[in-house]
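The values are calculated or read from the model by the stated rules, or taken from the named source; none is laboratory data. If you're wondering where the values come from, they're calculated on a predicted model, not measured in any experiment. We place every Cβ from the backbone using ideal geometry, glycine too, and count neighbours over all the protein chains shown. What goes into the accessible areas is simple: the full protein's heavy atoms, side chains included, and nothing from ligands, DNA or RNA. Shrake-Rupley method; radii C 1.70, N 1.55, O 1.52, S 1.80 Å.
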Amino acid sequence: MHSARDVTQPDGEPGRPGVPRITPFVRGPFTGLGEGDLRELGRLGTRRVYAPGEALMIEGQPGDRAALLLTGCVKVVAATEDGGEALLAVRLPGELLGELAVLDGEPRSASVLAVRTSTTREIGGPAFLEFLADRPAAALAVQRSVTRKLRSATRHRVDAGHGTGLARLARTLHTLLGSYGTPVEDGLRIDVPLSHADLAALARLSPASVERSLRTLRGQGAVRTSYRELVVLDRPLLARAAGVPLPPAGGGRA
């Protein structure tokens, strides 16, 4: 396993050493942050690069830093009682990692692993807390982000704990679509590189059950699949399979 590489201290704009560039976040807690807050955020921490499979954070270790995911994709996993591993979530650029342990001072409740080569800006705990104390808009954004994550985790435990295999997979896909749906020519692509084994872990199903359920959804015309790609062709059909409210009137197919 490769070790993470420190790339640079705070980024500077071309021709303006020491002046942090403003990163346009398209998701995550800092999408609506003002220019001043973004510049201050850009002054903090160190940029690091992780190879696929490398751990950014390890369950049980001290929460000494938060990390802002800049590029790539990571997954959040936790150990199970039988010695296995439960996939809890996936995170894409713009999302904040490890903030819960920094905020409450407790050991990390899960590990974070790079799915593909990923770049982060890692901010030490004291500096991150000082930034939030000095920047009320950023503190409120992080608070709302934490609340959304906790709500999502609660909903996931409920959704993945009951119903048929088809319903549980459809609910998992419906949730992923809400966060990571990207328009393509024939529908909405779930823009996360998940294998069938990853989907099985998220939906708490066996890989065989995921295969059967995907076959059913393909047969209904709700989705199409290829290697690590899933496109929702008909969102109302997926919602009905999931047993969740249909998209608003006028949403039609995906």
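What number comes out for accessible area per residue over region 137-237 if the probe is 1.4 Å? Units Å², please. Provide the component values of the computation, followed by the final result.
Numbers: 5020 Å² over 101 residues.
Per-residue accessible area for region 137-237 comes out at 50 Å².
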Quiz prompt | Where labels lie 7 Å past Cα in the beta-carbon direction, separation of Ser152 and Asp64 in nm | solution = 2.8
Practice problem: Classify region 66-178 as rounded, prolate or oblate, taking a ≥ b ≥ c as the square roots of the eigenvalues of its Cα gyration tensor: rounded when a/c is under 1.5, otherwise prolate if a/b is larger than b/c and oblate if not. | Solution: prolate
Quiz prompt | Fraction of accessible area attributable to carbon and sulfur, region 44-91 (%, probe 1.4 Å) | solution = 50
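In what sequence, highest mean first, do 99-109, 65-75 appear when ranked by Cβ atoms within 10 angstrom?
Working: 99-109: 16.2, 65-75: 22.5.
My ranking of the peptides, most packed first, is 65-75, 99-109.
If packing is taken as the average number of other Cβ atoms within 10 Å across a peptide's residues, how do 115-122, 133-140, 176-183 rank, most packed first? Write out the running numbers ahead of the final one.
Values: 115-122: 20.4, 133-140: 13.8, 176-183: 16.1.
With the highest mean Cβ count within 10 Å placed first, the list reads 115-122, 176-183, 133-140.
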Quiz item: Using 0.36 nm per residue, how much length does the chain from Glu35 to Glu211 gain when fully extended, once their Cα-Cα distance is taken away?
Solution: 58.7 nm
Quiz item: Points 7 angstrom from Cα along the Cβ direction at Thr117 and Thr225: gap in nanometres?
Solution: 2.9
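If you count only protein heavy atoms with a 1.4 Å probe, what accessible area per residue comes out for region 37-129, rounded to a whole Å²? All intermediate terms of the calculation are to be shown ahead of the outcome.
Values: 3670 Å² over 93 residues.
That works out to 39 Å² per residue.
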Quiz item: When the chain is fully extended, how far beyond the present Cα-Cα distance does Ser109 get from Val244, taking 0.36 nm per residue of separation?
Solution: 45.6 nm
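Just the number, please: carbon plus sulfur as a percent of the accessible area of region 129-223, 1.4 Å probe, no ligands or DNA/RNA counted.
Numbers: 2560 of 4840 Å².
Whole-percent figure for carbon plus sulfur exposure: 53.
Pull out the extension gain between Arg144 and Ser195, defined as 0.36 nm times the separation in residues minus the alpha carbon to alpha carbon distance; nm, one decimal.
Working: separation 51, 0.36 × 51 = 18.36 nm, distance 2.99 nm.
Extra length available between Arg144 and Ser195 comes to 15.4 nm.
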Quiz item: Among rounded, prolate and oblate, which fits region 73-130 when a ≥ b ≥ c are the square roots of the eigenvalues of its C-alpha gyration tensor, a/c under 1.5 means rounded, and a/b larger than b/c means prolate?
Solution: oblate
